[in-house]
1. Say whether the condition of being among the acidic types (Asp, Glu), under 23 Å from B:Pro81 (Cβ atoms) and part of a helix (DSSP H, G or I) is met by at least one residue in the range A:162-181.
2. What number goes with the only condition from (1) touching a helix residue (DSSP H, G or I) at 6+ places or on another chain (Cβ under 6 Å); (2) under 30 Å from B:Gly98 (Cβ atoms); (3) more than 14 Å from chain B (Cβ to nearest Cβ) that A:Asn141 does not pass?
3. Are any of the residues in the range A:177-189 under 30 Å from B:Arg148 (Cβ atoms), buried (at least 21 other Cβ atoms within 10 Å of the Cβ) and not small (Gly, Ala, Ser)?
4. Any idea which residue in the range A:158-167 is surrounded by the most Cβ atoms within 10 Å (Cβ to Cβ), counting only those that are in contact with a strand residue (DSSP E or B) (Cβ under 7 Å, 6 or more places away or on another chain) and more than 7 Å from every other protein chain (Cβ to nearest Cβ)?
5. Among strands (runs of 3 or more DSSP E) lying entirely in the range B:1-100, which contain 2 or more residues that are under 15 Å from the mean Cα position of the chain (by Cα)?
6. Only one of A:Val96, A:Val74 is outside any helix (DSSP H, G or I) and touching a Pro at 6+ places or on another chain (Cβ under 9 Å). Can you tell me which?
7. Being within 11 Å of another protein chain (Cβ to nearest Cβ) and aliphatic (A, V, I, L, M) is the filter here; which residues of the range A:168-191 pass it?
8. Please pick out the residue among B:Arg104, B:Arg109 that is within 14 Å of chain A (Cβ to nearest Cβ) and surrounded by fewer than 20 Cβ atoms within 10 Å (Cβ to Cβ).
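Here, each number is a calculation from the coordinates, and none is a lab measurement. Just so it is clear, the model here is predicted, and its values are computed rather than measured. Glycine gets a Cβ as well: all are built from the backbone with ideal geometry, and neighbour counts include every protein chain shown.
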Amino acid sequence: MTVPLAASSSSIHVTLGEVAAALALVAIAAIASRAWHAGLEEDIGVAVVRSFLQLTAIGYVITVIFDENSAFLVLALISVMVVFGAFTARHRAQQVPNAFWPLLASLGVAAAATLGLVLGLGIFEATPRYVVPVGGMVVGNSMTAAAVALNRLGEDVHDQSRRIEATLALGATSSQAVTPLVRRSLRSGMITLVDSTKTTGLIFFPGTMVGMLLAGADPTDAVRLQLILLYVLLGAVSIAALMAITLARRNFFTPAHQLREPPEP
Amino acid sequence: MLFELEEVTYSRGGNVVLRDVSARLPVGASSLLGPSGSGKSTLLRLLNRLADPDAGRVIYEGRDVREYDPLALRREVSLVPQLPALIDGTVHDNVAYGPRLAGRSFNARTCLELAGLDPTIEDRDAAKLSVGEQQRVMLARAIALEPRVLLLDEPTSALDQAARDAVEGTLGRLRARTAISLVVVTHDVAQARRIADHVARIDAGRVIAQGPAAELLPEPPEPELATAEDAT
């Protein structure tokens, strides 16, 4: 199935003035932060400026890529997203030794596998207009899931180092010793998307559907495209979280199945 | 000789925990005796390769421990840590853990009996046992592997006197019924005297004395002296 997104989404034009008007809502957030001494005013300011600059820049990049219609440029953009995603997620998983490489591999494989599958099955056309936004969503959601999963794994290995070493002392391999933690970490990485998928349409309207409705698309098309994306993302985050955990769990141990950071005696 | 340590040095976080330690632990019951923080628990972990020394060699039955498969070594030389660290599940799940990984048969009730526990607790949630019972389940699950050597890190430090006496009695019976060797880490001179045939005294990461317990830790002539010595 190919959703006729391009045909229905070009009917909206947003001016910079309208974007500026939306800043009124940001002002409310800043005033609330000041009134309650939450200390977020500076962060809110940085967020506003960064989001404006980053999205404007990526808008120009996407325009060029759409105009050029080059597979190489699409691949380059998604590769850059994967590398930045791995760098960003690494900061969330600081208790995991050498987390960057497992994250890079897991985001790369999640992006390649899911995009390959949706293109191979003919769900989307192999054109920049589909691959770039879907790739961005896949990498972004995969990054969050992998970061949350590894963050949880790092905390659990640290907190349960006595129990892990006690099972190693009974002849367990390092993989066997962390198996109970892997289950919990995988769950942590995926639960947010699973829960939001369960409640979608009831408690909130997901972004793609909202964007398409605002752009004037038919509600049926908006719903169907959103469903495709939710299912694609479920696959992507499970691949990313599982692969990140599988690759990163080895980094807590030496090849002789010893904890690199054993519990304090 | 069961274990030989040759000029073993081990550091952790930039601090030298063991410095040029050389020691010999014969078959039978040995004690690593020293104050807390002296490095004796760390030394115990080197014996079944839960850690490797930065320098020097640890030799088990004539071969460097690094020549053994670490998993097989840990099933033969099993360590019971100082604090209970059971897996989630029943007492049976815990006793079964090691033998199942190794694909071996076991008798949970016999292991529990050997560890001084009532075998009827087999189906109870391990997390709901007292600390003393949990410590003995730790012992039972190590016994389930039928190890040739048991490494015990302060096996009674979390226990009251009655439970301590029970665990010491268990270790005595275990030695009488099986050919097992013990290496017991303790800070308690009287306990080392009760359990061990051979003693290595450790202080500040060095072995300061070693030899037969009867020579190194003679019975005190009067009870008052024993009390004073135990407090060290």
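1. Kept after step one, since they are among the acidic types (Asp, Glu), are these residues of the range A:162-181: A:165.
Filter once more, keeping what is under 23 Å from B:Pro81 (Cβ atoms): A:165.
Applying the additional criterion that residues be part of a helix (DSSP H, G or I) yields A:165.
There is at least one residue in the range A:162-181 that is among the acidic types (Asp, Glu), under 23 Å from B:Pro81 (Cβ atoms) and part of a helix (DSSP H, G or I).
2. (2)
3. At the first step, the residues of the range A:177-189 found to be under 30 Å from B:Arg148 (Cβ atoms) are A:177-180.
Among the residues that remain, those that are also buried (at least 21 other Cβ atoms within 10 Å of the Cβ) are: A:177-178.
Next, from what is left, pick out any that are not small (Gly, Ala, Ser): A:178.
Yes - at least one qualifying residue is present in the range A:177-189.
4. From the range A:158-167, those in contact with a strand residue (DSSP E or B) (Cβ under 7 Å, 6 or more places away or on another chain) are A:161, A:164-165; that's our starting set.
So of that shortlist, the ones also more than 7 Å from every other protein chain (Cβ to nearest Cβ) come out as A:161, A:164.
Numbers: A:Ser161: 17, A:Ile164: 26.
Once the filter is applied, the top-ranked residue is A:Ile164.
5. Working: elements: B:3-12, B:15-25, B:29-33, B:55-60, B:77-80.
Hits in the range B:1-100: B:29-33, B:77-80.
6. Details: A:Val74 fails: outside any helix (DSSP H, G or I).
Going through A:Val96, A:Val74 in turn, the sole match is A:Val96.
7. A:Leu168, A:Ala169, A:Leu170, A:Ala172, A:Ala177
8. Values: B:Arg109 fails: within 14 Å of chain A (Cβ to nearest Cβ).
So the residue among B:Arg104, B:Arg109 that is within 14 Å of chain A (Cβ to nearest Cβ) and surrounded by fewer than 20 Cβ atoms within 10 Å (Cβ to Cβ) is B:Arg104.
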